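Report on the structure given below.
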Amino acid sequence: QWSLATPSPAWYFSGTVSGAVSGISARSGADSQGAFEEIDYSSFAPARNGYIRVYSDSPAVLFSATLTADASNSLPFASVTAMPAGLMHLSYSGIFSLPHYNQTSSDSPQIFFDTAGNTFVLSPASNYMVAAITGGAAGSIDSGINPAIQLLPQGFTHTTALVYGAGIDSTIQIWGRLLTSLSGKTRPANDADLLLRQVSYWTDNTATYYYNPGPVSYTDTLKGIVAEFASKGVPVGSVQLDSWWYPKGPDDIWSDHGGIWTYAADPANFPDGLGAFQNAVGKPLATHARWIDAASPYRSEYMISGNVAVDPAYWESIASYLQSSGVVAYEQDWLGDGAQTAVNLTDPPAFMDQMASAMARHGLTMQYCMAEPKHFLQSTLYNNATTIRSSQDGFTPARWTEFLYSSRFASAAGIWPFTDVFRSTDENNMVLAVLSAGPVGVGDPLGALSKTHLLKAARADGVIVKPDSSAVPLDSVYIADALGNDVPMVASAATDYGNGLTAHFVFAYVRNANSAFVIHPADFGISGDSYLYDYFNGSGLPIPAGSSWSGTLSGGAGYFVLMPVGKTGIAFLGDRDQYVTLGRKRIAAVRDEGHLEVTVDFARGETSRTLFGYSPQAIAATSVSGAISAPIWDPSTQLFALTVQPSSKGTAKVRIVQSLLGPGGSSPANGCGMRCIGTPSPVK
């Protein structure tokens with residue numbers, strides 16, 4: 001038996017390792033996660049060498065065992081028999097890894113928490129495609145290998161992670177970073193590939209041109225879409241081709257909905273091949289893939305397990321073809337359905353490993369779709385696994401809650417969530433897609449793209465202006481949902497400029513009858529004064545330190561920017577005309593050390609941007625680079641605005657301070673150059 005006492009929260013765990021134990025020793029060491037203390041042991045029946053590793057500077061524990069002889073898969077590798085009682089439980093299950101309370105899915109991390117948000121996560125830390133966490137006897141939790149696999153070989157190692165902490169969201173984040181630290185994955189930046197960097201156009205299920213080229217050919221239709229984006233002032237970065245682009249089913253035709261016949265452009269839509277089509281459209285491509293059809297000639301050419309290839313030659317051929325045809329991203333769909341191997345110890349990871357390796361060799365990143373929890377976990381092994389669908393087909397309000405919960409799973413694991421396709425005319429979907437910090441993919445018909453919404457989501461070069469992190473539910477929502485209480489969903493993303501200047505982007509919506517919700521700045525780590533800006537209504541109010549704001553969602557959904565007041569007494573809100581008003585692709589840097597200094601990035605062709613913020617008195621602004629207009633300050637709202645123009649380098653830098661106005665709103669004697677609307681408020 002083993003036991004573990006955690007310091008914060010003050011919890012106690014205990015459990016067993018299988019077999020009689022001998023050769024117990026203790027040692028200290030360090031790995032990619034940091035310094036640790038460890039108990040090593042040997043056991044018999046089954047014959048194993050194992051360890052329990054406790055990290056010195058991280059609230060994490062690893063349980064690991066290696067077989068020293070072949071063994072039947074009849075006993076767990078780790079078993080937790082005693083744990084904190086009365087906790088709520090969240091796990092993910094099935095296609096798209098949807099969230100479920102009080103239900104155990106064997107390939108999912110198991111998340112337990114109390115009403116104060118104290119949390120622990122138990123999950124596999126290796127062998128994700130075949131791992132299983134199951135309920136054992138008398139309420140215990142066992143961690144091991146899928147029981148459908150009967151034999152395990154000598155040398156086989158399995159590892160389990162236990163992470164604990166105060167705060168649901170923060171503990172899940174720590175858990176995810178443990179997995180990528182152990183694997184060595186470089187967590188992708190939110191602009192790591194073209195899908196993440198620029199707005200894309202999609203032809204998948206529920207999009208306008210899914211198995212529907214329109215009145216003309218697919219080439220002409222998608223060339224028209226690319227031209228329309230350009231005419232609206234937001235060039236599209238890439239075009240996604242869904243399963244209609246290759247022949248499928250037993251009849252070898254593009255319009256069938258079966259598995260892959262051959263993974264090559266169907267001549268009916270691409271008479272000159274995929275590369276020629278890409279040249280005609282003029283944009284890089286993202287291409288979709290299903291499973292391999294039962295009638296496919298690939299079944300006699302390559303090693304196939306279940307309905308997918310486990311033959312390195314297959315994956316090398318596919319990746320080489322895609323690279324030569326102007327494809328930059330490969331989307332493996334149907335992972336939780338048709339695109340699966342036979343159930344054994346080697347084929348499931350081989351399928352995923354070979355796909356990732358071949359795509360990486362040819363410079364392609366990957367998106368997973370219809371993924372189960374094991375695929376989310378497996379993504380922690382691959383640098384080029386950058387995006388994953390976290391919503392079922394067709395992004396609508398009915399999908400929002402599952403998307404936000406699954407986004408927490410995805411972003412913790414180091415992969416960016418994708419909403420799925422939607423129409424650019426739907427502003428709420430557009431806002432939430434931008435707040436995901438993942439891809440923004442639209443599927444409008446020709447002539448219907450919303451210029452207004454696209455230009456709020458992205459710059460004039462199509463680069464998405466997004467937060468640093470993905471929007472995920474607040475801890476209070478997890479607790480309310482686990483208890484069955486009706487509360488609006490409140491989710492937030494953030495951009496952290498350092499030194500206490502973190503902008504929070506809050507999306508809230510009614511889910512049942514209750515439309516009342518509260519924003520506590522302390523829940524966002526803000527201890528001082530702050531300002532809450534209602535984006536859709538164009539108004540806001542200051543929130544004193546230690547206070548909160550209560551409101552109702554009269555329109556069903558609301559979007560807010562919460563910003564701490566800096567040392568200048570100003571809450572800088574960013575670019576007024578972007579959804580994410582403080583995103584690094586627009587507002588590159590913000591510093592407030594007694595004066596506010598802001599750096600603004602411009603796309604080629606952009607001539608001005610409007611900055612705004614809150615100040616209890618009028619402001620003065622000075623240009624460091626680029627040019628600025630005289631600031632305007634409204635004493636009734638205490639909001640200011642000023643226009644900035646780029647320097648020859650495509651950036652602008654401005655300094656802003658508070659400044660007293662003369663009688664009637666005239667400029668003060670120091671010549672700071674500003675205008676005032678109405679009568680200035682007294683300085684307090």
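The values are calculated or read from the model by the stated rules, or taken from the named source; none is laboratory data. On a predicted model such as this, the values are computed, not experimentally measured, just so you know. FYI the Cβ positions are ideal-geometry reconstructions off the backbone, even for glycines, and counts take in every protein chain you see. Each accessible area value is taken on the protein alone, full model and side chains, heavy atoms only, with ligands, DNA and RNA left out. Shrake-Rupley method; radii C 1.70, N 1.55, O 1.52, S 1.80 Å.
Worth a mention:
- Segment 35-100: translational diffusion in µm²/s, Stokes-Einstein, Kirkwood Rh over Cα pairs, 4 °C, 1.567 mPa s: 87
- Cross-link reach list, lysines versus Lys567, counting only Cα pairs under 30 Å and skipping chain neighbours closer than eight places: Lys456, Lys466, Lys585, Lys649, Lys653, Lys684
- Net length gained if the chain between Glu37 and Ser8 were fully extended (0.36 nm per residue, minus Cα distance): 8.6 nm
- Taking all Cα-Cα distances within segment 116-188, those exceeding 14 Å account for 67%.
- Taking a ≥ b ≥ c as the square roots of the eigenvalues of the Cα gyration tensor, segment 358-483 is classed as oblate, since a/c reaches at least 1.5 and a/b does not exceed b/c.
- For the set Val487, Val199, solvent exposure ranked by accessible area (probe 1.4 Å, protein chains only) runs largest to smallest as Val487, Val199.
- Distance between the 7 Å Cα→Cβ label points at Ala116 and Thr396: 4.3 nm.
- Computed over segment 233-298, the ratio Rg/Rh where both radii use C-alpha atoms and Rh is Kirkwood: 1.04
- Computed on protein heavy atoms with a 1.4 Å probe, the accessible areas place Asp57, Asp256, Asp193 in the order Asp57, Asp256, Asp193, largest first.
- Karplus (6.51, -1.76, 1.60) ³J(HN,Hα), θ = phi - 60°, over segment 140-147, in Hz, Gly and Pro reported as x: 6, 10, 10, 10, x, 10, 2, x
- Solvent-free Debye scattering, log10 I(q)/I(0), computed from the Cα coordinates of segment 280-353 at q = 0.12, 0.13, 0.14, 0.20 Å⁻¹: -0.35, -0.41, -0.48, -0.90
- Candidate residues Thr208, Thr622, Thr419: accessible-area rank, largest first, probe 1.4 Å: Thr622, Thr208, Thr419
- Convex hull of alpha carbon positions in segment 424-504: directionally averaged projected area 7.2 nm².
- Peptides 141-153, 118-130, 567-579 ordered by packing proxy, namely the average of other Cβ atoms within 10 Å per residue, highest first: 118-130, 567-579, 141-153.
- Residue-by-residue Karplus 3J(HN,Hα) for segment 639-649, coefficients 6.51, -1.76, 1.60, Hz, glycine and proline x: 9, 10, 8, 8, 9, 10, 10, x, 7, 5, 8
- Each principal axis of the Cα cloud of segment 59-178 was taken in turn, and the coordinate range along them, longest first, works out to 45, 29, 28 Å.
- Average accessible surface area per residue within the chain, 1.4 Å rolling probe, Å²: 36
- Taking the square roots of 5 times each eigenvalue of the Cα gyration tensor of segment 150-289, largest first, gives ellipsoid semi-axes of 39, 24, 13 Å.
- Two-decimal log10 I(q)/I(0) for the chain, as the Debye equation yields it once each C-alpha is a single scatterer, q = 0.05, 0.09 Å⁻¹: -0.27, -0.84
- For segment 203-273: relative contact order, % (alpha-carbon pairs under 8 angstrom, 6 or more apart): 24
- For segment 218-235 versus segment 290-342, the inter-centroid distance based on Cα atoms is 30 Å.
- The calculated FRET efficiency for the pair Ile24 and Phe44, based on their C-beta separation and a Förster distance of 22 Å, comes to about 0.95.
- Pairwise Cα distances in segment 478-521 exceed 16 Å in 48 percent of cases.
- Reciprocal mean inverse distance between Cα atoms of segment 211-338 - Kirkwood radius, Å: 15.3
- Shape of segment 500-603, Cα gyration tensor, a/c cut at 1.5: oblate
- With all protein chains modelled, accessible area of Trp400 [1.4 Å, Å²]: 10
- Value of D in µm² per second that Stokes-Einstein yields for segment 288-401, Kirkwood Rh from Cα pairs, at 20 °C (1.002 mPa s): 147
- To the nearest 10, the accessible area of Arg399 is 60 Å² with a 1.4 Å probe.
- Heavy-atom accessible surface of the chain: percent carbon and sulfur, 1.4 Å: 51
- The calculated FRET efficiency for the pair Val216 and Thr610, based on their C-beta separation and a Förster distance of 60 Å, comes to about 0.90.
- Difference of contour (0.36 nm per residue) and Cα-Cα distance, Ser357 to Ser636: 94.5 nm
- Local net charge near Asp475, Cβ-Cβ under 10 Å (Lys/Arg +1, Asp/Glu -1): -2
- For segment 292-297, 3J(HN,Hα) computed residue by residue from phi via the Karplus equation (6.51, -1.76, 1.60; θ = phi - 60°) reads 8, 5, 4, 9, 5, x Hz, glycine and proline entered as x.
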